[in-house]
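Peer 1: One structure follows; several queries about it will come next.
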Amino acid sequence: MPVMSRRRLIQTLTITGALCPICTSLLGKAAHAETAGHAGPHWTYEGEGGPEHWGDLSPDFKVCELGFEQTPIDIKAGIRSQLTGVQPLFQPTPLKILNNGHTIQVNCAPGSKTLIDGQQFDLLQFHFHHPSEHLLGGQSFDLELHFVHKSAAGQLAVLGVFIRAGADNPGLAPIWAAMPKETTPETDTGQTIGLDTLLPVNRGFFRYQGSLTTPPCSEGVLWTVFRDPIEASPVQIAQFAALFPLNARPVQSLHRRFLLESI
């Protein structure tokens, strides 16, 4: 692919929601849903409230059914590109944790951020899915971690991290020890945690334009999924799976989107 074409692709994939009227109208609701828990009509991952019915549960959820830039996807055949990169700049954060009925979520104090192609996105929260929502070449992982960010202009960006069975992960230990077994509001544990061990050492990644993976499935979300997984022990994985046997949305069609892969 010519260099100029690649640059245009990168520019297209990093535009803000201001150029997408539908995305702009939904991102306010999306940011609220991501920070305040999952409000609105009751939805689930199975049965009558499951993903195949989300679009019927509320007019606000219609994009879950009709959208053409939905997440997650099966990551394969990415276009190798000279991407500027992604630079997480995470600080230790108080462990403020909640069970919103769909996942375990940690709300982050101001200060942590990620630079994506030079643009700053502030870290709002992170949460987990079992099994992984994205697939990598058709294969799933035991867990997936999502770091949810927002820019000053209001655009959402998510860093996705695969987690596979392996060594015990000390970064997960305080979170796992504090994670509520039932739906709860935010609890301040009084602890401070570091986030560096929740990121892979190798920062090769995939990038594409997508959506939230939960209702209202708002689009205009910039996704960066790291190629290499981190590890968690089988015991740690089983602990989360005991609370959430399934909280992963099925993969969606890529449609006409570009999937880029860093060199």
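Peer 1: If you go through region 203-226 one residue at a time, do you hit one that is over 13 Å from the mean Cα position of the chain (by Cα) and assigned to a helix (DSSP H, G or I)?
Peer 2: no
Peer 1: Suppose we filter G101, G49, G78 for residues that are surrounded by 15 or more Cβ atoms within 10 Å (Cβ to Cβ), small (G, A, S) and free of Cβ contacts under 8 Å to residues at least 12 places away in the same chain; which single one remains?
Peer 2: On inspection, the qualifying residue turns out to be G49.
Peer 1: Pick from A177, A241: which is open to solvent by less than 60 Å² (accessible area, probe 1.4 Å) and aliphatic (A, V, I, L, M)? Break it down into steps so the answer makes sense when it comes.
Peer 2: Working: A177 fails: open to solvent by less than 60 Å² (accessible area, probe 1.4 Å).
One residue alone meets the criteria, A241.
Peer 1: Pick out the one residue from G137, G160, G194 that is open to solvent by less than 60 Å² (accessible area, probe 1.4 Å) and either closer than 22 Å to F244 by Cβ or in contact with a helix residue (DSSP H, G or I) (Cβ under 8 Å, 6 or more places away or on another chain) (or both).
Peer 2: Unique residue meeting the criteria: G160.
Peer 1: Please return the ranges of strands (runs of 3 or more DSSP E) entirely within region 9-120 where 3 or more residues are at positive phi and modelled with pLDDT under 95.
Peer 2: The strands (runs of 3 or more DSSP E) meeting that bar number zero.
The values are calculated or read from the model by the stated rules, or taken from the named source; none is laboratory data. These numbers come from a predicted model, not from an experiment. Neighbour counts run over all protein chains shown; Cβ positions are idealised from the backbone, glycine included. When the accessible area is computed, the model is the full protein with side chains, heavy atoms only, and any ligands, DNA or RNA have been set aside. Shrake-Rupley method; radii C 1.70, N 1.55, O 1.52, S 1.80 Å.
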